Structures are given as C-alpha cells and as structure tokens.
Amino acid sequence: MRSSILIIYTGGTIGMKTDPDTGTLVPFDFSAIYEEFPSLKRLKVDLDVHSLTPAIDSSNVQPKNWIHLSELIREKYDSYDGFVVLHGTDTMSYTASALSFMFENLAKPVVFTGSQIPIGVLRTDGRENLITAIEIAGARDAEGHPIVPEVSLYFQNHLFRANRTTKRSAEALSAFYSYNYPPLADVGVNISYNRSLIHQPKSYDEPLQIGTRFSEGVCVIKLFPGLTEQTLRGILSIEGLKAVVLETYGAGNAPTADWFLRALEEAIARGMIILNITQCQGGAVAMDLYETGLRLQQIGVMSGYDMTIEAAVTKLMYLIGSEAPSEVVKEQLKVSLRGEFTR
Ligand code: ASP
C-alpha cells in the first residue's frame with residue numbers, strides 16, 4: 001500500500017543549493033523534488049510539497065510560526081498518511097517539542113528533519129535525512145497502521161522522540177541527540193524500529209485537536225557561581241513573568257544561601273512556577289538527593305525530572321498559555337503528557 005506524505009519546508013540550511021554560475025547559496029526548489037532526486041520514485045510513497053513563505057532561518061522562529069505550522073498540519077491531516085517537516089536545525093527541537101504538546105489525538109507520523117550541509121551541496125547530509133524521514137513517515141505495520149504515530153526527529157541514522165532532543169553540535173553531522181530516552185529507530189542497512197518505545201495512540205480515528213495559545217511569561221535562569229541577588233530578584237520581578245525554568249547543577253542542586261532561597265520562595269508565594277531542570281545533558285533532577293536540592297523542594301520548586309530545556313520551556317509556555325488555573329498547570333507539570341520525561 002502506498003502512503004501519501006506531505007513535505008512541509010519551513011526554511012533552514014536543508015533548503016539551499018549552490019548556484020553553479022556564481023557559487024553562492026540559493027534556495028532549493030522542493031517542488032521539483034522528483035527531478036532533483038529521481039530515486040525518490042522508488043519509495044512506495046506519493047509526495048506533495050508545501051513551502052512556507054517566507055522560508056525563515058530557524059533562529060527567527062516564534063510561537064506564531066508553531067501555530068501556523070500546526071494549523072497547516074491539522075488542515076491537511078485527513079488528506080495525508082504522514083508529514084515530514086523540514087526545519088532549520090538551530091531551533092528544530094523547540095518547534096518539534098512545541099508541536100508535540102499542541103497536538104491532541106495525534107495518530108500519524110510528523111517527522112522533523114533538516115541538515116548541517118545544504119541539500120544542493122555535493123557532500124550534503126540532507127539527502128539521506130530527507131529520504132529516510134520520508135520512508136519513516138510512510139512506514140506502516142501489518143495492520144496498515146503507521147509505525148511511528150508521534151512527533152519525532154530524524155537526523156543521521158537515528159529517529160528520536162522529538163521532545164527528548166537537543167541540538168548538541170554546530171559541526172557534527174550527528175547534530176541531534178536524545179540523552180535521556182533511547183532512539184525510536186536506528187538506521188543502518190535497514191531501519192530498525194524500537195517498537196516498545198514508540199507511543200501508540202488510543203484511537204486512530206479521533207480528529208486531531210490543536211492547542212494554539214502560548215504564554216510569553218516564561219523565562220530561563222541558568223545558575224552559575226557568581227549569580228547575584230540583584231540579578232535574580234531583577235528577573236523574578238519582571239512584570240508578567242509567570243514561570244521560570246531554573247537550570248540547576250547536577251541532580252537539581254542550587255546554592256543554599258538565604259538570599260537565594262528567599263528570593264525564590266517569595267516569587268513562589270506570589271504564584272510564580274519555578275521548574276527545576278539540570279544543566280547536564282544526561283540524567284535527571286532528584287531534589288531529595290542532596291541538602292542543596294532538598295531546600296528547593298521544601299520551598300515549592302517543582303521537578304522537571306529529565307526534561308530537556310526545549311521541552312521544559314515549550315511545555316510551560318503551552319500550559320500557561322492555556323489559561324488553566326495554576327493548580328491545574330502544576331498537576332500537568334507532574335505528568336508526562338507526551339513522553340517528555342521519565343519518572
Ligand atoms: N541557521 C540555520 C537554521 O536553523 C541552521 C540550519 O538550518 O542548520 O535555520
């Protein structure tokens with residue numbers, strides 16, 4: 001059975017090629033994808049391409065772009081079996097994490113990919129990333145159900161749950177990694193799916209719902225030795241600030257100085273949510289391990305467990321944007337909504 005796939009090009013390095021006359025990088029025309037890559041015809045998929053205009057460097061991505069992209073996918077949801085989103089690598093993990101939270105009842109693959117070298121340059125990594133992402137988006141099991149019906153990210157031989165990924169290198173072709181959750185698929189000669197790790201929907205027939213509101217009242221504070229009371233209080237008193245992702249040391253540890261804990265405690269008493277995630281790439285926050293973590297727990301700092309910064313920020317923006325009461329937001333933070341953390 002052939003699958004129909006919509007490729008959505010949003011911008012980024014993958015959409016560039018070298019102009020043979022001038023040697024400069026110019027946009028690659030994805031609508032001529034079969035002429036550029038005739039071998040695509042051999043895949044059992046029918047492809048359509050939708051290029052967003054203007055294509056943007058992903059450093060310029062804003063929540064309005066996430067909303068636009070999710071609305072496009074909802075609009076086309078019934079017409080395609082899967083979606084491949086081509087996105088700049090710089091903020092790909094943010095967009096993909098945001099979409100994972102926005103989609104309710106997702107039962108089709110949404111595979112993000114991009115490249116470190118433009119697709120129209122001889123040594124590109126984009127060609128393999130694109131072709132394999134298409135194959136994964138179209139893959140079905142014996143019953144005809146999609147094999148990966150969740151928001152995922154494919155890069156250099158690995159398919160990851162998108163909200164577990166982080167861009168780890170500005171140089172390596174294996175630019176993305178998921179430190180706290182194993183790959184959903186490993187790609188070598190064959191694509192080997194780790195089926196037990198892939199989320200399965202409750203139903204394949206529910207209409208796709210999207211939540212499209214994001215709060216701007218979220219920020220990140222990364223601890224470093226030398227952070228002053230003035231700086232901390234300055235940030236915590238910003239008007240409209242509703243939540244802070246606190247990037248702590250190791251297993252969720254922070255200074256035990258009175259001024260530090262008092263500033264956080266006062267902010268929490270004013271209704272601010274403080275979510276603790278670790279600065280380490282791998283591992284989880286465990287606030288009951290050391291005195292330095294326990295004190296945070298005692299004053300009401302919440303655990304972000306082993307969430308990435310991208311998942312923590314977008315989950316908070318999404319939950320607070322929903323305008324649910326603070327108690328509901330706090331309960332939702334304790335639950336893994338889309339497999340974004342392990343407890
Ligand atoms: N600056 C580019 C972007 O994120 C980098 C890339 O695509 O790799 O859009």
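Observations, loosely collected:
- Cut-off under 5 Å, modelled amide H: who pairs with I273 long-range: A243, V244
- In the stretch 171-298, taking the dipole from charged Cβ atoms about the Cα centre, the farthest positive-side position among G282, P201, T231 is held by P201.
- The stretch 167-189 and the stretch 318-343 have their alpha-carbon centroids 26 Å apart.
- Placing +1 on each Lys and Arg Cβ and -1 on each Asp and Glu Cβ, with no other charges, gives the stretch 111-263 a dipole about its Cα centre of roughly 240 debye.
- For the stretch 115-130 versus the stretch 3-33, the inter-centroid distance based on Cα atoms is 10 Å.
- A cut-off of 5 Å between modelled amide H atoms, ignoring neighbours fewer than 5 places along the same chain, links V49 with I7.
- What separates the Cα centres of the stretch 222-289 and the stretch 42-108 is a distance of 33 Å.
- Under a 5 Å amide H cut-off, with hydrogens placed 1.01 Å from N, V85 pairs with I8, V111, F112, T113 among residues at least 5 apart or on other chains.
- A Förster radius of 45 Å combined with the Cβ-Cβ distance from R42 to S336 puts the calculated FRET efficiency at roughly 0.70.
- For the pair S326 and E239 in one chain, pulling the backbone fully straight at 0.36 nm per residue adds 29.6 nm over the alpha carbon distance.
- Highest mean packing first, where packing is the average number of other Cβ atoms within 10 Å per residue, the peptides 27-34, 38-45, 247-254 line up as 247-254, 27-34, 38-45.
- Listed residues F30, F260, T166: farthest to the positive end of the dipole of the chain (Cβ charges): F260
- Charged side chains reduced to their Cβ positions (Lys and Arg at +1, Asp and Glu at -1) give the chain a dipole of some 400 debye around its Cα centre.
- Residue-by-residue Karplus 3J(HN,Hα) for the stretch 53-58, coefficients 6.51, -1.76, 1.60, Hz, glycine and proline x: 10, x, 5, 10, 5, 5
- Using the rule -39500 (n - 2.57) for each DSSP H run of four or more residues, divided by the residues of the chain, the 222 nm mean residue ellipticity is -8000 deg cm²/dmol.
- Dipole of the chain, positive end: most advanced residue of L246, T308, Y181 [Cβ charges, Cα centre]: Y181
- Whole-Hz couplings from phi, Karplus 6.51/-1.76/1.60, listed for the stretch 148-164; x for Gly and Pro: 10, x, 8, 7, 10, 9, 10, 7, 6, 6, 10, 9, 10, 5, 4, 7, 9
- Where a label projected 7 Å from the Cα of Q298 along Cα→Cβ would reach, residues of the stretch 233-269 with amide N under 15 Å: 254-266
- For K64, the lysines whose Cα comes closer than 24 Å to its Cα, not counting residues fewer than 8 places off in the same chain, are K76, K108, K167, K242, K315.
- Inter-label distance for K222 and K76, nm, one decimal - labels placed 7 Å from Cα along Cα-to-Cβ: 3.5 nm
- Eligible aspartates and glutamates near K44 by straight Cα distance, threshold 13 Å, same-chain separation 8 or greater: D81, E135
- Hz values of 3J(HN,Hα) by residue in the stretch 198-207 - Karplus curve (6.51, -1.76, 1.60), Gly and Pro given as x: 8, 5, 10, x, 5, 8, 8, 10, 5, x
Throughout, read-outs are computed from the coordinates displayed, never taken from laboratory work. All values derive from a computational prediction rather than experimental measurement. All Cβ positions, even for glycine, are placed from backbone atoms using ideal geometry, and neighbour counts span all protein chains on display.
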